[in-house]
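Derivation of every value follows stated rules applied to the coordinates shown; laboratory data play no part. Since the model is a prediction, treat every value here as computed from it, not as a measurement. With ideal geometry, Cβ positions are generated from the backbone for all residues, glycine too; neighbour counts draw on all protein chains shown.
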Amino acid sequence: MFNLTLPALFFGTLFASVYGAAFHLWKNGGWRRLFFYLLASFIGFWIGHTIGVLLNVTFGNIGPIVFSTATLGSILFLVIGHWLSLVNP
């Protein structure tokens, strides 16, 4: 079901890092926000990939990674995480 090889895992983590870093540059955050955005992107990317595998999505696959849903998951987690970080306790 989850046929992730080590190179695919590395490739997906690299793309999740790029998504998180690009979002950080776009929103102009500090060092703590960079860590937060990278973490949100990792979690969203792999949850999105898992949802794509479970729903048997075949659009946008690169190797064993379902990039269409993984990218959507990463973007969704980044936007929601940014929105939640704006709330002052």
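Mean separation of Cα pairs under 8 Å and 6 or more residues apart, divided by the residue count, gives the range 26-85 a relative contact order of 41 percent. Electrostatic tally near GLY81: other residues with Cβ closer than 13 Å to its Cβ, Lys and Arg +1, Asp and Glu -1, net +3.
Can you give the angle from 0 to 90° between the axis of helix 6-27 and the longest principal axis of the chain, with both taken from C-alpha atoms, to the nearest 10? Helix 6-27 and the main axis of the chain meet at about 30 degrees. Compute the acute angle (0 to 90°) between the alpha-carbon long axis of helix 31-54 and the principal axis of greatest extent of the alpha-carbon atoms of the chain; round to the nearest 10°. With both axes taken from Cα atoms, the answer is about 30 degrees. Under a Gaussian network description of the chain, with springs only between Cα atoms under 10 Å, the residue in GLY30, GLY48, GLY12 that fluctuates furthest is GLY30.
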